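The values are calculated or read from the model by the stated rules, or taken from the named source; none is laboratory data. The structure presented is a predicted model; accordingly, all values stated were derived computationally and were not measured. Every residue, glycine among them, receives a Cβ derived from its backbone with ideal geometry; neighbour counts consider all protein chains shown. These area figures cover heavy atoms from the full protein model, side chains too; ligands, DNA and RNA do not enter into them. Shrake-Rupley method; radii C 1.70, N 1.55, O 1.52, S 1.80 Å.
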Amino acid sequence: MKKTLLLFGFSFLLTAGAFAQSQKAMLYSRDPVLAKNKKIVYDFWRSVLEGGHMELTPQYLTETYIQHNPNVPTGRQGFIDFFSKFAKARPIVDTVQQPLISIVAEGNLVVTSYKEVHPDPKDPTKKYTTTSFDMFRIENGKIAEHWDADLKE
């Protein structure tokens, strides 16, 4: 029990420190390949997902892109078709607008985590905070695969 609490406390401190980091600092890695992979995911998020520029998708996703989110079709064209239904192109800004906690890269994988606030299902007058995660596999300089914890809608 003490080890679990200690691990939780340590994890909390690391996460709290990540809130304070600038997003540009999160892109740093001593390994230039890992730094490049982080930047690919970061730019994809800003340009395509938040910026709504579906025309830039081929720059970031492989044609054979594999999607593990049960609500989004697999394949680059499936991604474009799905998000084009509601994406509205707007100016691309320098930072991710969603509350980004961290960007971690290891091998060909990049994991991003975000702070989320939701209404409490037991009391809609209250809110609770949680974290969401996305993981991307990079192949030849593009995103080839994506995972998240979304449930089927």
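For E139, what charge total do you get from the other residues with a beta carbon under 14 Å from its beta carbon, if Lys and Arg give +1 and Asp and Glu give -1?
Combined, the nearby Lys, Arg, Asp and Glu give +2.
When the chain is modelled as a GNM with alpha-carbon springs shorter than 10 Å, which of E63, E50, E116 fluctuates the most?
E116
Once you list every other residue whose beta carbon is under 12 Å from the beta carbon of V33, what net charge do they have if Lys and Arg are +1 and Asp and Glu are -1?
Cβ neighbours under 12 Å give a net charge of +2.
Where nothing but the Cβ of Lys and Arg (+1) and of Asp and Glu (-1) is charged, how large is the charge dipole of the chain around its Cα centre, in debye to the nearest 20?
440
Only Cα pairs under 8 Å and at least 6 apart count here; give the relative contact order of segment 92-153 as a rounded whole percent.
Computed over segment 92-153, the figure is 24 percent.
Given a 1.4 angstrom probe, I'd like the percentage of the accessible area of the chain that is carbon and sulfur, rounded to a whole number.
61
With every protein chain left in place, what is the accessible area per residue of segment 22-153 in square angstrom, probe 1.4 Å?
59
So which trypsin sites (Lys or Arg not before Pro) in segment 40-89 are both in a DSSP loop and have at most 16 other Cβ atoms within 10 Å of their Cβ?
Sites meeting the loop and neighbour criteria: K85, K88.
Sum -39500 (n - 2.57) across every DSSP H segment of at least 4 residues in the chain, then divide by the residue count to get the 222 nm mean residue ellipticity, nearest 500.
Rounded to the nearest 500, the figure is -9500 deg cm²/dmol.
Could you give the angle, 0 to 90 degrees to the nearest 10, between helix 2-20's Cα long axis and the longest principal axis of the Cα atoms of the chain?
Compared with the principal axis, the helix lies near 50 degrees.
Would you mind checking the tilt of helix 32-44 against the longest principal axis of the Cα atoms of the chain, expressed as 0 to 90 degrees and rounded to 10?
80
For D94, what is the net charge nearby, where nearby means another residue's Cβ is under 11 Å from its Cβ and Lys, Arg count +1, Asp, Glu -1?
Combined, the nearby Lys, Arg, Asp and Glu give +1.
With the Cα gyration tensor of segment 44-153 giving a ≥ b ≥ c as the square roots of its eigenvalues, does the rule (a/c under 1.5 for rounded; else a/b larger than b/c for prolate; else oblate) give rounded, prolate or oblate?
Prolate, since a/c reaches 1.5 and a/b exceeds b/c.
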